[in-house]
Amino acid sequence: MRSAALIAGAAATALVAAGAITYAVAEDGGSSTNSPTPTAGSADASFARDMAVHHQQAVEMSYIVRDRTKNVEVRRLAYDIAQTQANQRGMLLGWLDLWNLPKVSADPPMTWMGMGDMASGKDGALMPGMATNTELKKLNTLSGKPAEVLFLQLMTDHHKGGIHMAEGCVEKCRVGVEKRLAQGMVDAQQSEIQLMADMLKERGAKARS
């Protein structure tokens, strides 16, 4: 299918770009021109920590649905999301190592965006857009079309939350390659949201919000 080919092509492009970005950060010592190495409380470090957590859940959801459906298009989308976001998560955590900064913070998630009080972490939803533990358990109980619909709805919400955070990095981060990675996340996930809207429509459903 054409949409499946587009998914695979986009994922491959993202992985190649990710490798180039990692190399660029290592080359310039982890900072953009005229910018010092990020501090623990900087937007750069905070985005890296928060998005690594956000991405981990997307990877988890993707692998859950791969085991709950035989639909080729959904399985391919889930696989590509898992591979792309796992790769990006590794980059984000690698940058924290490169900067000699901790991977956890005492501050609530998204404090760097002025949103530290927006997600209580209740039922596992640590940041806006993240699925709750209850929703993940439900996904694990479904199969076939119901699993596909819930996955597409949860991932659409997840992408919307991720886009908002990535836009925050585009605005506030100082490391040039990290800002470019964040913009790439915005572009790719907006495209996937549209694709998932089409996939939901094919299944007689729609996004939750």
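A few remarks follow.
- Sequence-distant contacts, meaning Cα pairs under 8 Å at least 6 residues apart, place the relative contact order of the range 86-208 at 18 percent.
- Net charge of neighbours whose Cβ lies under 12 Å from the Cβ of Ser105, counting Lys and Arg as +1 and Asp and Glu as -1: 0
- Over the range 65-209: Rg over Rh, Cα atoms, Kirkwood Rh: 0.98
- Separation in nanometres of the label points that stand 7 Å from Cα toward Cβ, at Lys160 and Lys137: 2.5 nm
- Charging the Cβ of each Asp and Glu at -1 and of each Lys and Arg at +1, and nothing else, the dipole of the range 64-209 about its Cα centre rounds to 400 debye.
- Glu202-Val53 FRET efficiency (beta carbon distance; Förster radius 30 Å; 0.05 resolution): 0.45
- Stokes-Einstein D for the range 86-145, Kirkwood Rh over Cα pairs, 10 °C, 1.306 mPa s (µm²/s): 114 µm²/s
- Note on Ser209/Asp97: beta-carbon distance plugged into 1/(1 + (r/R0)^6) with R0 of 30 Å gives a FRET efficiency of 0.25.
- Nearby aspartates and glutamates by direct alpha-carbon distance to Lys145 (threshold 15 angstrom, same-chain neighbours under 8 apart not counted): Asp67, Glu73, Asp198, Glu202
- Residues of type aspartates and glutamates that Lys103 reaches as a straight line, Cα spacing below 15 Å, ignoring anything fewer than 8 places off in the same chain: Asp44, Asp50
- FRET efficiency, 1/(1 + (r/R0)^6) with R0 45 Å, evaluated for Gln194 and Arg174 via beta carbons: 0.90
Values quoted throughout were computed directly from the atomic coordinates according to the rules given, and no laboratory measurement underlies them. Worth saying up front: this structure is predicted, and the values here are computed from it rather than measured. Cβ: placed from backbone, ideal geometry, glycine included. Neighbour counts: every protein chain shown.
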